[in-house]
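The values are calculated or read from the model by the stated rules, or taken from the named source; none is laboratory data. If you're wondering where the values come from, they're calculated on a predicted model, not measured in any experiment. Glycine also receives a Cβ, built like all others from the backbone with ideal geometry; neighbour counts cover every protein chain displayed. What goes into the accessible areas is simple: the full protein's heavy atoms, side chains included, and nothing from ligands, DNA or RNA. Shrake-Rupley method; radii C 1.70, N 1.55, O 1.52, S 1.80 Å.
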Amino acid sequence: MQNNLGSHITITYVHLRRGMAALALTLAPVLAIGGHVFFGTPLQASMSAHYHTGMRDWFVGVLCAVGAFLFLYKGYTPHENRALNIAGVCAPLTALFPMRPDADCSPVGAGFSWHGVFAVSFFLAIAYVCVFLYRDSATDALPPPRRRLYHRVSRTCGHVMIGCVAAAVLYNFFVPAPLKQAWCARSIVFWLEAVAVAAFSVHWFFKSLAYDGGVSWLPWRLPRAGG
């Protein structure tokens, strides 16, 4: 009975993490494809700009769901838990404090906004976990090669998120107006955000490596034999 309970808890724990990662990974393609198919909306300059389109519900819903998971998720150490709680608070606030409709392509930049503060804080909190707290995870039981792989992937994902955030900030405040208009027409911020969210998702998929030996990737399957 105890083994069955432990197995059930492990399955639930891992599938929640993978589900959250998959949900975040779908954000960019669903906003882009769903907006075009269902509302005839062209790709916006950023993910946040989709708040002002027919895809608002999906944008807000995914950020609130991801934020709730991160806040309720128990970090492996107090430092990780606090960083994830910060990210969990910032994710829904990013959606609930929307950006101005014209902010992405404004020649003078979007300027200060609570939306920007919460969005940047979300990614930096997760990047902090990836880059500085990658050892604060239940990976001690992994074989050394797999543990080293997880550590490399975690740090890489964190650096990718930091790079994307830095590029978006530079675009907003320092790119000359003519160049900014040209890049805005190509949705440069949308693609930077898409890469950052993809890095976030990859980190969480790899974070479940410690349990992969006993849990199927299919949510309707029981633990694999010998796991």
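Here are the numbers:
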item	result
Segment 69-121: equivalent-ellipsoid semi-axes (sqrt of 5 x gyration tensor eigenvalues, Cα, Å)	29, 10, 6
Rounded D (µm²/s) - segment 139-185, Kirkwood Rh over Cα pairs, Stokes-Einstein at 25 °C, 0.890 mPa s	187 µm²/s
Computed [θ] at 222 nm, deg cm²/dmol, the chain (DSSP H ≥ 4; -39,500 (n - 2.57); rounded to nearest 500)	-23500 deg cm²/dmol
5 Å-binned pair-distance histogram of segment 52-94 (Cα, whole percent)	6, 27, 25, 17, 12, 7, 4, 2, 0
Point-to-point label distance, Cys64-Leu16, nm (Cα→Cβ direction, 7 Å offset)	1.9 nm
5 angstrom amide H check on Gly75, placed H, neighbours 5+ away	Asn81
Tilt relative to the chain, helix 78-96 - C-alpha long axis, 0 to 90 degrees, to 10	40 degrees
Lone cysteines, the chain (no partner Cβ under 4.7 Å)	Cys64, Cys90, Cys130, Cys157, Cys164
Within segment 84-103, backbone nitrogen closer than 12 Å to the virtual label 7 Å beyond the Cα of Trp114 toward Cβ	93-99
log₁₀ of I(q)/I(0) at q = 0.10, 0.16, 0.17 Å⁻¹ - the chain, Debye sum with one point per alpha carbon	-0.49, -1.10, -1.20
Degrees, to the nearest 10: 114-132 long Cα axis against longest axis of the chain	40 degrees
Segment 1-121 - Kirkwood radius from inverse mean 1/r over Cα pairs (Å)	16.0 Å
Debye log10 I(q)/I(0) for segment 1-62, one point scatterer per Cα, at q = 0.23, 0.28 Å⁻¹	-0.85, -1.08
Net charge dipole size for the chain [Lys, Arg +1 and Asp, Glu -1 on Cβ; Debye, nearest 20]	600 debye
Rounded to 10°, Cα long-axis angle of helix 56-72 versus longest principal axis of the chain	40 degrees
Average accessible area per residue (Å²) across the chain - probe 1.4 Å, nucleic acids and ligands excluded	51 Å²
Under-5 Å amide H pairs with Thr53, H placed in peptide plane, nonlocal only	none
Of Pro78, Pro29, Gly67, farthest towards positive along the dipole that unit charges on Lys, Arg, Asp, Glu beta carbons give the chain	Pro78
Extension gain, His36 back to Phe173 (0.36 nm per residue minus Cα-Cα distance, nm)	46.4 nm
